[in-house]
Amino acid sequence: MRWSLYPPSRLRRFRFTACLPLLTSMAFWLNPLYGQNASSVSIDASAPVAVPQPAKAALGASRRPDGETLTVNSQYLVLNGKPWLPVMGEFHYSRYPQREWEPELLKMKAAGVEIVSTYVFWIHHEEIEGQFDWRGQRDLRRFVELCAKHGLYVYPRIGPWAHGEVRNGGLPDWVVERGPTRRNDPTYLAEVQTFYSQIGMQLKGLLWKDGGPVIGIQLENEYRESGPGTGAAHLEKLKQLAIADGMDVPLYTVTGWDGAAVPLDAVLPVFSGYPAAPWSRTAGQSSPSEVYTFRFENRVSGNMGAIGGRGQNSAEAYRGTPFLTAELGAGIEDTYFRRPVIEPDDAAAIAPVMLGSGANLLGFYMFHGGRNPTGLLSTLEESQRTGYPTDVPVESYDFQAPLGEFGEERESFKRIKLVDYFLQDFGSLLAPMQVYPPNERPSCPSDFSVPRVSARGDGEHAFIFFNNYVRNSTMPARKSFQVHLKLRREALNVPSGPIDIPAGAYGIWPVNLDLGEYKLIYSTAQIFKSFKKDGDSYYFFFEIPGIATEFALNTTQPPQSISKGISTRARDGVTYYKVTDTTHLQQIALEGTAHRVRLIVMPRSQAEDLWNIDGSDRLLLTGAQFFSDRDRLYLRSDRNPDFAFSIFGKEQGRIQAKVPLQRRQSGLFTEYQAHLAPVSFHTVPVQIQKVSKRKPLQYGPAVKWGKQSVPLAPDGTDFRQAALWRIEVPTHWPDELSNILLQIDYRGDVARLYSGRRLLDDNFWNGRVWQLGLKEIGDRHPGDALRLSILPLPTRYPMHIEDSGVRPPGAKDQLIDLKAVKLVPQYQLVLQMQK
C-alpha cells in the first residue's frame with residue numbers, strides 16, 4: 001500500500017479542474033424520440049474499436065514447456081491466445097501461519113481469485129545481515145508450490161522497498177543505516193543483488209517459463225525519486241538485477257501513482273484506489289473518494305496522488321499500455337489517528353467503476369489480512385518513531401479485508417465474489433471492449449447531480465456500468481433513469497422504459513449478449529455466472545437491490561417454462577420478461593434447436609451464497625462459509641451447528657459425511673441438511689489491574705505534505721496505566737470445530753492481548769467488536785491464560801473514530817469499558833463427493 005513518505009498530492013483535493021464544470025464538450029448522437037430528462041444518459045458507442053498494438057515494454061519469457069502462452073498487448077492480457085481479464089488478490093505469506101496457508105488459498109480460489117499477489121518483505125527474511133530466514137511462515141517457495149497445487153497464479157512483489165505498512169517499507173535497519181537507498185548506489189545495489197538472488201533461488205523452477213505459477217514480478221513500489229541514479233534508470237537497473245538472478249517472467253510492473261517513475265519501454269504500470277484515506281492528517285470526515293467516479297481522463301485515484309509534474313497524469317500518457325490495477329482497496333488499515341470502518345459496499349462498489357473505466361486486471365489489496373511476524377531486533381510495523389507518517393498496530397494487519405486476519409469470510413468476501421465470477425466467465429468478452437463515456441459526467445467526486453455511468457463495447461455488444469454509491473455519502477435516487485445507447489448498427493433504450501435507481505445501487509448490465517441461438521438485448525439484473533449441465537446452458541443473474549428486473553430477448557417464441565413470479569409481454573419481435581417476485585429464485589427456460597437456454601435470476605443475498613466447486617462441473621448453494629479442494633468440500637459456521645446446503649442438479653447419493661445427511665430434491669437443486677453436536681464455551685474475564693489516569697498524548701513530527709502533527713500511538717510504557725484482565729481460554733477442542741473465535745467487545749483507545757509477556761495481537765478501537773482466532777495464535781500461545789490490556793480513550797481526543805456511534809457524548813472521564821468477552825465455536829462439516 002499506499003501512503004509513502006512523499007505524498008503531497010494525496011492530500012490535495014482531487015483535481016478534475018478543481019470540481020469546476022467540465023470544460024470540454026463532446027458531440028453525441030441525439031434522437032428526439034428519446035425524451036431526455038434529468039436521469040437519462042446518452043452514450044455513443046458506435047466509434048470503431050481500436051486494434052490492439054504490441055505492448056511498448058520489453059518483457060520476459062511468455063511460453064511454458066507445455067506450449068501455454070501469456071502475453072500482453074496495448075489493451076489487455078492474452079492467455080493462450082484468448083483475452084484474459086483476471087482477478088488478483090493480495091495475501092502476505094509471511095503474515096500468516098504456514099499450516100493455514102492452504103485453506104486460505106482455497107478460500108481465495110472459491111471467491112474467483114486467479115492470481116495471488118504477495119510482497120516479499122526483505123526485513124522479514126534478512127533482519128540481521130547475512131542471516132536469511134525462509135523457514136515456516138517465511139517459506140516463499142512452499143507458498144508458491146501450494147498456489148501451483150491449486151491452480152493459482154502468483155505475482156511476487158519483490159521490492160526491495162515494498163511498503164505494506166512494514167518497518168522501513170521492508171528494508172532491514174542495517175540497509176537503511178549503511179547509506180543511500182532506492183537509487184543506483186553501488187553498495188545498495190550489491191545488497192539488493194544478494195536479496196534478489198535469494199528470491200531467485202526460492203522461485204527456481206516455479207516460473208511460468210518452467211511450467212510454474214509465477215507470471216510476473218513487481219519492482220519497487222510507489223517510486224517517485226528523481227535525480228542522478230534514480231527514477232527510470234533505477235527501475236531499469238532493478239529489472240536487470242532480477243533477470244540476472246533468474247526471474248525471467250512474462251510481466252514486469254511498477255506502481256503508477258504518487259508521481260511515479262515509469263519507464264514504459266521496460267515495465268507496465270499498475271494502478272490503485274482506496275475507499276478511505278487513513279494516511280490523511282486532517283480530522284473529521286474526508287471528502288468523497290474519487291474511486292467511486294469513472295476514470296475517463298486518467299488512471300490515478302485522487303486519494304493516491306496524481307502523476308505530478310511529469311506529464312503523466314492522463315490516460316493519453318499511458319497509451320500503448322493496458323489499464324491494470326494492483327491495489328483496489330478491498331479494505332483499509334486503520335491508523336492510530338484515523339480509524340475508518342469499511343462496509344461491504346465500500347469495497348464492492350469499486351469494481352464496476354474500475355471495469356467501466358477500462359481496467360483489464362482487477363487487483364485487490366488486501367484480499368486477506370494477517371499479522372506481522374515476530375522480529376528478532378524490533379517490532380516490524382510502520383510507525384512515526386521510525387520516520388514514517390503514520391502509526392499502525394504492532395501486530396495486526398487485518399486491513400478489514402474480505403478474508404480477515406484470522407481467515408474470517410466477511411460479507412465483502414461474498415459480495416466481491418459476484419464480480420469475480422462474472423470476470424471468470426465473461427472477462428474474455430469484456431477485455432477487448434473499448435470505454436465509451438456518457439454525454440454528461442460529474443465534474444468532480446463531490447458532484448452528485450449527474451448519474452455515474454459508463455459503457456464498454458465492441459460496436460455490436462456492450463456492458464453498461466453504473467454507480468450510485470459513494471462511501472459515507474447519501475446519493476440522490478435517479479428517477480426515470482434510462483441509458484440511450486448508440487451502437488454501430490442500432491440504437492437502444494436500456495431499459496425499454498425508464499426505471500428508478502435508488503441511492504446506494506451499483507451494477508453491470510449486459511447488452512446484446514449472445515446466448516447460443518438467442519440474444520439477450522439487455523437485462524437490468526446483473527449477470528455473474530454461466531454454466532452447462534446435462535446439455536442445457538444456464539445463465540445466472542442477481543437482482544440489484546431496489547432495481548426492477550427486466551430481461552429483453554430477441555424472440556417472440558413462448559418460453560418452454562417460466563416461473564410464476566415473472567410476467568411477459570411481446571412487441572416488435574422482442575419479448576420482455578419482468579420479475580414480479582423478487583424474494584425467490586426465478587427461471588426462464590427457452591427451447592433451442594440443440595439445447596435449452598435457462599436464465600436464472602436470484603436475490604443478491606442468494607447469489608452471494610452460490611459457489612463454484614473446485615475442479616468440478618457443479619455448483620453449491622449455502623449460507624455457511626465455504627471452500628473446496630477438488631472432491632472435498634468444507635462448510636464452516638460460527639455458533640450454529642446446523643448446516644444446510646444444496647447442490648445444483650440432481651445428485652444420486654454421491655455426497656458423504658461423517659454425520660447423517662438428509663436429502664430432498666427441490667427444483668433445480670438437491671437440498672441437504674446436517675447437524676453437528678453443539679459445543680459451548682464460556683469465560684469470565686478477571687480484572688487484575690485497574691486503569692490509571694492516562695498520560696497526555698504525545699505528538700509526532702510534522703511532514704512536508706501535512707504540516708499538522710498527529711498523536712503518536714502508545715508504546716509499551718504507556719500500557720502501565722492500562723486496565724488488565726486475565727482470560728482463560730481452551731487450548732483443545734473437538735474435531736468438529738475448525739476454530740474458536742475470541743470476541744472482545746470493549747471501548748477504549750488501544751487493546752493488546754498477551755500470552756505471558758508475549759504480545760499476540762493488538763487493536764485500535766473503531767467501535768467494532770475485536771475478533772481473534774485461537775487456532776491462528778496457537779503457535780504464540782503456549783497454553784497460559786491470556787492477558788487483555790486496554791488503554792483508555794482520553795476525554796478529549798483528536799483521533800478520527802469514524803463510527804458516529806462510538807463518540808461518547810458529554811464524556812467527563814477517560815473512556816474504558818469491557819462490555820463482554822465471548823468464545824464462539826466455529827463448526828466444520830467436511831463432505832466427500834463421489835465421482
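The values are calculated or read from the model by the stated rules, or taken from the named source; none is laboratory data. This one's a predicted model, so the numbers in the text were calculated from it and none came from an experiment. No Cβ is skipped: glycine too gets one built from the backbone with ideal geometry, and neighbour counts run over all protein chains shown. Surface areas here come from the heavy atoms of the whole protein model, side chains and all, with no ligands, DNA or RNA. Shrake-Rupley method; radii C 1.70, N 1.55, O 1.52, S 1.80 Å.
Criterion first (in a loop (DSSP other than H, G, I, E, B), open to solvent by 30 Å² or more (accessible area, probe 1.4 Å), closer than 23 Å to Leu791 by Cα and among the hydroxyl-bearing types (Ser, Thr, Tyr)) does Ser709 satisfy it?
Values: in a loop (DSSP other than H, G, I, E, B): yes; open to solvent by 30 Å² or more (accessible area, probe 1.4 Å): yes; closer than 23 Å to Leu791 by Cα: yes; among the hydroxyl-bearing types (Ser, Thr, Tyr): yes.
Yes: the conditions hold for Ser709.
Which of (1) part of a loop (DSSP other than H, G, I, E, B); (2) open to solvent by less than 10 Å² (accessible area, probe 1.4 Å); (3) within 27 Å of Glu102 (Cβ to Cβ) does Thr335 not meet, given it meets every other one?
(3) is the only condition that Thr335 fails.
What pairs come up if the first residue lies in the range 552-579 and is in contact (Cβ under 8 Å) with a residue 40 or more places away in the chain, the second is part of a strand (DSSP E or B) and open to solvent by 70 Å² or more (accessible area, probe 1.4 Å), and their beta carbons are under 7 Å apart, counting only those six or more places apart or on different chains?
Correct list of pairs: Tyr576/Thr568; Tyr576/Arg569.
How do the pairs read when you match residues in the range 764-791 that are assigned to a strand (DSSP E or B) and modelled with pLDDT of 95 or more with residues anywhere that are acidic (Asp, Glu) and open to solvent by 10 Å² or more (accessible area, probe 1.4 Å), using Cβ under 8 Å and keeping only pairs 6 or more apart or on different chains?
Phe764/Asp334; Trp770/Asp745; Gln771/Glu408; Gly773/Glu408; Leu786/Glu728; Leu791/Asp718
Which residue, of Glu411, Glu343, Glu405, Glu381, is of a type in the set (D, E, K, R) and over 25 Å from Asn472 (Cβ atoms)? Write out each step before concluding.
Values: Glu411 fails: over 25 Å from Asn472 (Cβ atoms); Glu343 fails: over 25 Å from Asn472 (Cβ atoms); Glu405 fails: over 25 Å from Asn472 (Cβ atoms).
Residue meeting the stated conditions: Glu381.
Return the only residue of Arg441, Arg488 being open to solvent by 30 Å² or more (accessible area, probe 1.4 Å), in contact with a Ser or Thr (Cβ under 8 Å, 6 or more places away or on another chain) and either at pLDDT 95 or above or part of a loop (DSSP other than H, G, I, E, B) (or both).
Unique residue meeting the criteria: Arg488.
Just one of the numbered conditions (1) open to solvent by 10 Å² or more (accessible area, probe 1.4 Å); (2) in a strand (DSSP E or B) is not true of Gly504; which one?
Every listed condition holds for Gly504 apart from (2).
Given the residues Trp733, Trp725, which is the only one that is under 30 Å from Val659 (Cβ atoms), aromatic (Phe, Trp, Tyr), open to solvent by 20 Å² or more (accessible area, probe 1.4 Å) and touching a strand residue (DSSP E or B) at 6+ places or on another chain (Cβ under 8 Å)?
From the options Trp733, Trp725, the qualifying one is Trp733.
Charged (D, E, K, R), more than 29 Å from the chain's Cα centre (by Cα) and open to solvent by less than 40 Å² (accessible area, probe 1.4 Å): is that true of Glu191 in this structure?
In short, yes.
Would you mind stating whether Arg752 is under 24 Å from His682 (Cα atoms) and open to solvent by 30 Å² or more (accessible area, probe 1.4 Å)? Give the derivation first.
Working: under 24 Å from His682 (Cα atoms): yes; open to solvent by 30 Å² or more (accessible area, probe 1.4 Å): no.
For Arg752, the condition - under 24 Å from His682 (Cα atoms) and open to solvent by 30 Å² or more (accessible area, probe 1.4 Å) - is not met.
When you scan the range 794-835, how many residues do you find that are surrounded by fewer than 12 Cβ atoms within 10 Å (Cβ to Cβ) and modelled with pLDDT of 95 or more?
Qualifying residue count, the range 794-835: 2.
Among the numbered criteria (1) within 26 Å of the chain's Cα centre (by Cα); (2) part of a loop (DSSP other than H, G, I, E, B); (3) not aliphatic (A, V, I, L, M), which one does Asp133 miss?
Tallying (1) within 26 Å of the chain's Cα centre (by Cα); (2) part of a loop (DSSP other than H, G, I, E, B); (3) not aliphatic (A, V, I, L, M), Asp133 fails exactly one: (1).
Among the listed residues Arg478, Arg456, Arg489, which satisfies the condition of being over 26 Å from Pro402 (Cα atoms) and out of contact with any strand residue (DSSP E or B) (no Cβ under 9 Å at 6 or more places or on another chain)?
None of the other options fit; the residue is Arg489.
Just a yes or no: is a residue in the range 738-748 open to solvent by less than 50 Å² (accessible area, probe 1.4 Å) and farther than 19 Å from Ser396 by Cβ?
The answer is yes; a qualifying residue exists.
What residue, of Ser637, Ser680, Ser692, is in a strand (DSSP E or B) and either modelled with pLDDT under 95 or under 30 Å from Ser789 (Cα atoms) (or both)?
Checking each option against the conditions leaves just Ser637.
Out of the residues in the range 37-75 that are assigned to a loop (DSSP other than H, G, I, E, B) and of a type in the set (S, T, N, Q), which is farthest from Val453 (Cα to Cα)?
Quick first cut of the range 37-75, residues assigned to a loop (DSSP other than H, G, I, E, B) only: 37-39, 45-53, 55-62, 64-68, 74-75.
Going one step further and asking which of them are of a type in the set (S, T, N, Q), we end up with 37, 39, 46, 53, 62, 74-75.
Numbers: Asn37: 15, Ser39: 11, Ser46: 17, Gln53: 27, Ser62: 36, Ser74: 24, Gln75: 21 Å.
Step by step, filter the range 37-75, then rank; the result is Ser62.
Filter the range 76-101 for residues that are assigned to a strand (DSSP E or B), farther than 13 Å from Gly369 by Cβ and under 18 Å from the mean Cα position of the chain (by Cα) and give the result.
Result: Val87, Met88.
Per-residue answers, yes or no, for (1) within 30 Å of Lys486 (Cα to Cα); (2) without any contact (Cβ under 8 Å) to a residue 40 or more places away in the chain:
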{"position": "Pro48", "(1), (2)": "yes, no"}
{"position": "Met88", "(1), (2)": "no, no"}
{"position": "His92", "(1), (2)": "no, no"}
{"position": "Arg95", "(1), (2)": "no, no"}
{"position": "Arg99", "(1), (2)": "no, yes"}
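Being among the β-branched types (Val, Ile, Thr), over 18 Å from Asp420 (Cβ atoms) and part of a strand (DSSP E or B) is the filter; apply it to the range 509-530 and report the residue that is farthest from the chain's Cα centre (by Cα).
Out of the qualifying residues, it is Ile521.
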